[in-house]
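Participant: Structure provided below as structure tokens; questions to follow.
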Amino acid sequence: MNKKAVIVIALSIMFFSLSAQQLPIKNYSVADGLLEDSVFQISQDDKGYIWIQTDNGISKFDGENFTNYTEKDGLIKNISVYSFFSKGSFYSFSDTEMSVIKNDSINLFGKDYFSSYFNDSIVSLQFMSVDDEIAVYGLSQNKIYVYDDAENKFDLKHDLKPQVILTEDKNASFLYPNGMLILDGNNMKFVRLDTGKIFDVDLPDWDFNKKNDYSFFKYVPSVKPTKYPDEKLENIFCYEYKPDGSASLLYFDDLSKKPDVVFKDKFYVSVYSLDKYRNYGIYSDGENAYYTDSFGHIFKINILNGRKEKFDRIEGLLPYVRIRFVLEHEGWFWLATNCGVYKYNLETKELKHITIDEGLSSNLISGFFIDRENDVWIITDNNGADFLIPSKFETYSAKDGMPYSETTASTQTSDGIIWTSTYGGLYKIEPGEKPVYYKLDNNLPEKDTWGIFADSNDIIWLSTVDGRIFNFDGNKFTDVTPENFIKQISITVFFESRSGEIWVPYFDGMLIYKDRKFRYEKFSGGAWIYKFKYDPKGKKIWASGGSEGLFVFDEKGRFLDQFEIDKDLFDSQIVDFMFMDDETIWCVTYGSGIAVFDSKRDKFTEMIQEPFENSLIMKSAVRDSLGNIWFGTVNSIYRYDGKDFIKYTENEGLPGGSFRTIGAYRDMSGNLWFNSSFGIVKVDPYSCLEDTIPPKLSFSYVEINKNKYLDVSKIPELSYKDRNFVFSYNGIDFRNSKNIEYSYFLEGFDEKPSEFSKDKKVAYTNILPGNYTFHVRAKDAAGNVSKEISCKIIINKPWFIQLKAVVLYVIFLFSAVYLYTRLRIYNYQKNSDKLNAVVEERTKELKLKNKQIHDSMNYARRIQQSILPDEEEMKEYFTDMFLIYKPMYMISGDFYWYYRNEEYDFILSADCTGHGISGAMLVMVGKILLIKLVENKHIIEPAEILNMLHEDFKAVLRQDTDFESIRDSIEISLCRINRNTDVLTFSGSRRPVYRFTEENGKGELIKIKGERLFIGGKRKNESRFTQKDIQLKKGDMLYLSTDGFIDQSNPENKKFGSRKFEKLLEEYAPKPLSVQKRYLCHDLEEHMQDEKQRDDITVLGIRV
């Protein structure tokens, strides 16, 4: 290379380095899991996965992880010829072999396959797409085979003997919608695919030379097939490669006519595609094909009509730049070259250059791919693939010519110029011009600049690290530091009042500049002021004062008020603030998120922290022209749209770093500027509204009893033993793959969809037989929600409870009853004289049965009494207590229970649905479940005990499927007493606990209500039990009861009533407990008189 060329290259590299702007580009390489760095093609399937083809295999990418496939897994040896997707399968071709990746498994169709199944060998494999349907055909010397996608195999389609026998090495074939064109030497034939009929085709009138190499290809639009020979063999291209290295691109409007020579070149032609499937290295946007010659001219040809368009070499491309690939996208030519990426605007002629200085992993670029979200992937020669993140942010840093990347503040003059102070000088960004910076060499008095502000006269106020204040008029820096000014580093903010005065915070006061001189206004506090802002009414000026809280001033700068931070809520500095309305102020804190201040009540009321995760160190706030509020933090930016907080990080194009406390500014055009340690970031708020494409969601698998189903549509009906499931799913959004959240819902089991979370799978266990549908949605960081996908699960009932079995049971039962009845009638008629004796005998049997039942009930009562503690036993723990326990029958549906551990006493009264045997059965269930939860599992929180008891009770009685048991439930009053602190923790299911306490000699009965929820049964919503803590005093009384006492009626059918019951408790509470019990029993008997007991009755009284 000569010296001039070296100088040109060096100057160009220097120019682009100076004007470069760092772009958010993510490189994917072997280090990230990519199979190889030598990428030649990128594509995307209908589930959103990116497939990256390399020389020796292919990588499937979901946004986070790569899955690699190689020849060892069944891929063909050379996958770099062409490939495509169809119905969720990936097809990779060579001339004679094909690999199909379907549901993560690979099938290879090569020489061994055709030799084994057909005793044949393939000369050419061809594929075609018509109306999005893919057809794959294999051509041997005299047969055509067709691929069956459903069965994943080839079938013989037509036997072409004796008319077609391919014998020469050079042959070609390509498909039409209804036929195959076959070229063998100087012979050309057309085969109808539906009938196998063969037609001779006259070769066109052109110089067909066997010494040259010809490659035919065709664009087939989605049209309705017509019948040959009426169909014209049209829109055919042909490469003609000659031994001397020259090449031509030929175009046949009609194959029967002489071709049109598109162009000739002394070097091989670079030709790009024809349709969405790669075919011999060609690229197209659907109707147009693009190619270049060795001189850098770009040719565009309309495939449908053959119309050509030529673009001369783009001005600005240096002589050594060679175009290797062309892509037209949204009005731009994207050029892959040996010197990076060029973007050329076809309308404005603007040329942009992207190189390694802007973030590319390599300057040797070979191609592009546009994914479903309209984002650009860049293919490098040997550095993997670069993903150009669609950034909403522009960053200016030291790479763009800034004196220093560490910036502190920004302002704007009326001519639209942005001025930024940095640790290395003053930076000027003028629209349409190259950025300029001022340093010590430009008479800048100090390179380390801090606060900056442009006043209404376009005078720039600037503070430096040594504590001085300067004015800058665009040409000259003037020191305006007051005399006797104590230099400090605290001047980071300037403010201009509506009267034109400039405010400068200074120790415990304010320097106010007007008429070319300063005056001093003192105020208490000595705070470091971060920001000044007018209130919504424009009457007062508020300021954030760091650890001193908020300050209020009048228009003259006179101190009016101060509101100190509430250290019970937060203990961080207030660095910025935003008026949300006339009364509410959101204060941005350095470490505690947002503190909400109510100016009407003059107090801090609450903290907003949850949306900011690990970003509670906040540094700035600014409102855009759309009304959104933007917050700068140490590692991200948040946008609040009035409802949600949207987070932006490096994944969305931020450079990273820490955003400065005074570094948030809105310019006259509505752009926002954030200052950070990595440069100044420009945000166009309107660009942040563009992301409307939701994630692409699909199932990864469904696992049922350790069997994985990759194709969820093929899950069979399941046995009742298959009751455990794992649903795995994945949403793809390459812009921000790590912040996708999911919400799922198992219809028939869950009552409502789950909250959105980042979990990509969910497990269900012990699912009862029935029909279920699993639904899932995905949401990206911008709030876009995907279409719902679903999967049906059918679990069959056991054979012995299915309808057929039930019908057989009924038939058998009726048959048995009928035969039994007929037999009885026959025996009665035959033995009528013995009837009286039989009746007498049966009567004796009934009496015996009745006695046995009575004995059984007595035995059941003894069993129930044995599992319930008696009153004397309970008095060992509760020394002053009484118990009233009156079953309606011999056995009861009420029960009570107590338990003591090292710290707590538990006591409970419960009322189960029903009386007698049915109620007693539920008592056993409830008691056993309580023991399991509290005594075995050591669950001690009353609300949690009741919530888990509800779930376990439903599961034991199978209330989700057994409609007869849905009404079975329990009402409970549960108390836990801390023996060390005398704190009562109460949770109740439709039953209260009563507390009687005395204060200053006056007694009061307090009713503490439980939730209006049952234990067991179905609920309309997801309400859960809660608990209350009450501080008890020595001598307080607690009363627990079921509803039997208050619901008992008298002969006039009037209930005892809760009001009367509570009045008696309040009256009797001061008395000894034995007296209370006697009085209550007497009152109940007096109320009932001769009326029968209507329900089981339980009352417990305990004195603390």
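The values are calculated or read from the model by the stated rules, or taken from the named source; none is laboratory data. None of these values were measured; they are calculated from a predicted model. With ideal geometry, Cβ positions are generated from the backbone for all residues, glycine too; neighbour counts draw on all protein chains shown.
Participant: Can you tell me which residue among Glu873, Glu902 is over 26 Å from Glu1011 (Cα atoms), free of Cβ contacts under 8 Å to residues at least 12 places away in the same chain and part of a helix (DSSP H, G or I)?
Facilitator: Within the list Glu873, Glu902, the selection yields Glu873.
Participant: Can you tell me how many residues within the stretch 329-343 are surrounded by fewer than 18 Cβ atoms within 10 Å (Cβ to Cβ), out of contact with any Lys or Arg (no Cβ under 6 Å at 6 or more places or on another chain) and on the phi < 0 side of the Ramachandran plot?
Facilitator: Residues meeting the conditions: 1.
A quick yes/no check of all residues on (1) among the aromatic types (Phe, Trp, Tyr); (2) loosely packed, with under 13 Cβ neighbours inside 10 Å; (3) closer than 28 Å to Ile917 by Cβ:
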| site | (1), (2), (3) |
| --- | --- |
| Asn1050 | no, no, yes |
| Asn1053 | no, yes, yes |
| Gly1057 | no, no, no |
| Lys1063 | no, yes, no |
| Pro1070 | no, no, no |
| Ile1097 | no, no, yes |
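Participant: Next question. Exactly one of these conditions fails for Asn305: (1) modelled with pLDDT under 65; (2) surrounded by 14 or more Cβ atoms within 10 Å (Cβ to Cβ); (3) within 30 Å of Ile134 (Cα to Cα). Give me its number.
Facilitator: Of everything listed in (1) modelled with pLDDT under 65; (2) surrounded by 14 or more Cβ atoms within 10 Å (Cβ to Cβ); (3) within 30 Å of Ile134 (Cα to Cα), Asn305 misses just condition (2).
Residue-wise test of (1) modelled with pLDDT of 90 or more; (2) not small (Gly, Ala, Ser).
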position	(1), (2)
Val762	yes, yes
Leu768	no, yes
Arg777	yes, yes
Ser790	yes, no
Ala805	no, no
Tyr820	no, yes
Asn827	no, yes
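Participant: Let me ask another. If you take the residues of the stretch 1015-1048 that are surrounded by 18 or more Cβ atoms within 10 Å (Cβ to Cβ) and within 20 Å of Ala955 (Cβ to Cβ), which of them is modelled with the lowest pLDDT?
Facilitator: Looking at residues that are surrounded by 18 or more Cβ atoms within 10 Å (Cβ to Cβ) and within 20 Å of Ala955 (Cβ to Cβ), I get Gly1017.
Participant: Please verify whether Arg1012 is touching a helix residue (DSSP H, G or I) at 6+ places or on another chain (Cβ under 8 Å) and surrounded by fewer than 18 Cβ atoms within 10 Å (Cβ to Cβ), treating the condition exactly as stated.
Facilitator: Judged against the criteria, Arg1012 is not a match.
Participant: From the list Tyr729, Tyr701, exactly one residue is crowded, with 17+ Cβ neighbours inside 10 Å, free of Cβ contacts under 8 Å to residues at least 40 places away in the same chain and either small (Gly, Ala, Ser) or not assigned by TED's automatic domain parsing to the domain that holds Val376 (or both). Which is it?
Facilitator: It is Tyr701.
Residue-by-condition table, conditions (1) under 30 Å from Glu650 (Cβ atoms); (2) in contact (Cβ under 8 Å) with a residue 60 or more places away in the chain; (3) assigned to a helix (DSSP H, G or I); (4) hydroxyl-bearing (Ser, Thr, Tyr):
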position	(1), (2), (3), (4)
Phe745	no, no, no, no
Phe749	no, yes, no, no
Pro753	no, no, no, no
Ile767	no, no, no, no
Asn771	no, no, no, no
Ile794	no, yes, no, no
Phe800	no, no, yes, no
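Participant: Of all residues in the stretch 638-656, which are surrounded by fewer than 18 Cβ atoms within 10 Å (Cβ to Cβ) and either within 15 Å of the chain's Cα centre (by Cα) or at positive phi (or both)?
Facilitator: Residues satisfying the conditions are Gly642, Asp644, Phe645, Gly656.
Participant: Check the stretch 955-970 and report whether any residue there is more than 25 Å from Asp750 (Cα to Cα), of a type outside the set (Lys, Arg), touching an Asp or Glu at 6+ places or on another chain (Cβ under 9 Å) and modelled with pLDDT of 90 or more.
Facilitator: no
Participant: Just checking, which of Leu1065, Leu1040 is more than 24 Å from Met890 (Cβ to Cβ), of a type in the set (A, V, I, L, M, F, W, C) and in contact (Cβ under 8 Å) with a residue 60 or more places away in the chain?
Facilitator: Sole residue among the options that is more than 24 Å from Met890 (Cβ to Cβ), of a type in the set (A, V, I, L, M, F, W, C) and in contact (Cβ under 8 Å) with a residue 60 or more places away in the chain: Leu1065.
Participant: One residue is enough: does the stretch 620-637 have a residue meeting the conditions of a type outside the set (S, T, N, Q), more than 27 Å from the chain's Cα centre (by Cα), under 25 Å from Leu426 (Cα atoms) and outside any helix (DSSP H, G or I)?
Facilitator: Yes - at least one qualifying residue is present in the stretch 620-637.
Participant: Six or more apart or on different chains, Cβ under 9 Å: which pairs go from a residue in the stretch 355-376 that's within 17 Å of Arg324 (Cβ to Cβ) and buried (at least 19 other Cβ atoms within 10 Å of the Cβ) to one that's at pLDDT below 85 and of a type in the set (D, E, K, R)? Could you list them?
Facilitator: Ile365/Arg324; Ser366/Arg324; Gly367/Arg324
Participant: Answer with yes or no whether Ile565 is more than 32 Å from the chain's Cα centre (by Cα) and either surrounded by 21 or more Cβ atoms within 10 Å (Cβ to Cβ) or on the phi > 0 side of the Ramachandran plot (or both).
Facilitator: Yes.
Participant: May I ask you to say which residue of Asp568, Asp576, Asp561 is out of contact with any Gly (no Cβ under 6 Å at 6 or more places or on another chain), assigned to a strand (DSSP E or B), farther than 23 Å from Arg639 by Cα and among the acidic types (Asp, Glu)?
Facilitator: Asp561
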